[in-house]
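Report on one structure; see the data block that follows.
The values are calculated or read from the model by the stated rules, or taken from the named source; none is laboratory data. Just so you know, these numbers come straight off a predicted model, no measurement behind them. Cβ placement follows ideal geometry from the backbone for every residue including glycine, while neighbour counts extend to all protein chains displayed. Quick note on the areas: whole protein, heavy atoms, side chains included, nothing else; ligands and nucleic acids left out. Shrake-Rupley method; radii C 1.70, N 1.55, O 1.52, S 1.80 Å.
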Amino acid sequence: MRNVVLLSIVIFALTACNNQKNNSSENAEEQTVTEQTTVGGDKDEHGCLTSAGETWSQLKQSCIQIFNVGQRLSPIETKDGEAVISAFVLFNDDKSEVELFLPNTKSNTILKTTDKNSYESGEYKFDVDESTLYINNEKKYKAE
């Protein structure tokens, strides 16, 4: 008789512990679902998902991930221990204009073709043959 009572208590205890685990895992699943819906919802004024790396392109008139569609230009001068932040250029469909995406700037610059291998606007010049961006006539960025 003692064995039956002891066995019943053990089974009850294991069942109670198992139910508590299931409830906590259900709560964790609910919390994960809630977190997933709130993460990454930040959009800029154009509706681009900034947390997904999207930015607005004037040339394409849409949200793009510049690191997937643009040409990466690495800085020519770098300092040891500092992060290397690239610039990007994006050509329009007929290659008559280039959109310039510079680090630490809020707006992009459109460069217009001056000949078949060069684009310019103000202080910026992009040389296609060299894959080099000049700022104030100094080489600043180059494709690798």
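Once both labels are modelled 7 Å past Cα along the beta-carbon direction, what's the LEU49-LYS139 spacing in nm?
Using points 7 Å along Cα→Cβ, the separation is 3.9 nm.
Between VAL69 and SER131, what is the spin-label point distance in nm, taking each point 7 Å from the Cα along the Cα→C-beta axis?
Once both label points are built, they end up 2.1 nm from each other.
What does the C-alpha gyration tensor say about the overall shape of segment 53-144? Classify as rounded when a/c is under 1.5, otherwise prolate if a/b is larger than b/c, or oblate.
Working: a/c = 1.79, a/b = 1.14, b/c = 1.57.
Oblate is the answer for segment 53-144, as a/c is 1.5 or above yet b/c matches or exceeds a/b.
Using 7 Å Cα-to-Cβ label points, what is the THR109/GLU77 separation (nm, one decimal)?
Going by the 7 Å Cα→Cβ label model, 1.7 nm.
Sort LYS106, LYS112, LYS79 by heavy-atom solvent-accessible area, probe 1.4 angstrom, most to least.
So the residues, ranked largest to smallest area, are LYS106, LYS79, LYS112.
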